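Below is one structure, written out as structure tokens; comments come after it.
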Amino acid sequence: MIELLNIWKSYGETRVLKGVNLKVEKGDFVAIRGKSGAGKTTLLKIISLIEKPNKGEIKIFGRKANDLTDEEKSNLRLHNIGFIFQFFNLIPSLTVLENIELPLALAGIKKHERKKRARELLEYFSLLHLAERFPETLSGGERQRIAIIRALVNKPKIILADEPTSSLDDENTLLVIDLLTEINRDKKLAIILTTTDLHEKLPTTKDYILKDGQLHTKHAQTAQ
């Protein structure tokens, strides 16, 4: 699904990524661990084609990134990649249901179909009772689970989760990881998750540490 070949990225004189190689296949659960500032978010931005590397090649869903126009990259992100952020990025003036509908609206899906798909996902994950609530009335764990559902609503092929548990307590961290595990297992979506925790037990198929601009294998295990 995704292949990075000898990816280098610098900001001015600062080299962030130094020859990164990564391959992600359908159903993978990939953890990229590293300290703050190690380049994890930069790596996700390169994977999602938001940023260009200074050197190296990106292949995504069978296509070379260099062959894609900006419009094709935007459409690819909208329809194939779901994003989960550290601080939820829910819009406070919209209800839970409306927040989940938002990516569908951007994709031009009609209102009836948007509501139907959003409600079905909420019901699937037993969170339909939150549909008409506003983000400020939710706990941190509830907000992050809603953010995860929003990332799923366009039926992506891959989920990019940028430190999704860093602002949560232990109980809500477990709930969020359990939800991601369920998505990975039942929907066969590939997930790339970044974390500053070098030792947290995660249901990974591939586990890496990003250090000094390079990816190092931590361990590999099959969770399924």
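Values in this text are rule-based calculations from the coordinates and carry no lab data. Here the structure is a predicted model, which is why all the values come from computation and not from measurement. When we count neighbours, we look across all protein chains shown, and the Cβ atoms used for this are built from the backbone with ideal geometry, even at glycine.
Scan SER126, SER166 and give me the residue that is free of Cβ contacts under 8 Å to residues at least 40 places away in the same chain and either more than 14 Å from ASP28 (Cα to Cα) or surrounded by 19 or more Cβ atoms within 10 Å (Cβ to Cβ) (or both). Step through it out loud before you land on a result.
On the way: SER166 fails: free of Cβ contacts under 8 Å to residues at least 40 places away in the same chain.
Of SER126, SER166, the one residue that is free of Cβ contacts under 8 Å to residues at least 40 places away in the same chain and either more than 14 Å from ASP28 (Cα to Cα) or surrounded by 19 or more Cβ atoms within 10 Å (Cβ to Cβ) (or both) is SER126.
Is it the case that region 5-13 has a residue that's closer than 21 Å to LYS157 by Cβ and outside any loop (DSSP other than H, G, I, E, B)?
At the first step, the residues of region 5-13 found to be closer than 21 Å to LYS157 by Cβ are 5, 7.
Add one more test, that the residue is outside any loop (DSSP other than H, G, I, E, B), and what stays is 5, 7.
The answer is yes, given that some residue of region 5-13 is closer than 21 Å to LYS157 by Cβ and outside any loop (DSSP other than H, G, I, E, B).
Only one of these conditions is not met by HIS199: (1) surrounded by fewer than 19 Cβ atoms within 10 Å (Cβ to Cβ); (2) in contact (Cβ under 8 Å) with a residue 12 or more places away in the chain. Which number is it?
(2)
Spot the failing condition for LEU106; the list is (1) farther than 22 Å from VAL176 by Cα; (2) out of contact with any Gly (no Cβ under 8 Å at 6 or more places or on another chain); (3) among the hydrophobic types (A, V, I, L, M, F, W, C); (4) surrounded by 13 or more Cβ atoms within 10 Å (Cβ to Cβ), and only one is missed.
(4)
Out of region 43-65, which residues are within 19 Å of the chain's Cα centre (by Cα), assigned to a strand (DSSP E or B) and surrounded by fewer than 19 Cβ atoms within 10 Å (Cβ to Cβ)?
Matches in region 43-65: LYS59 only.
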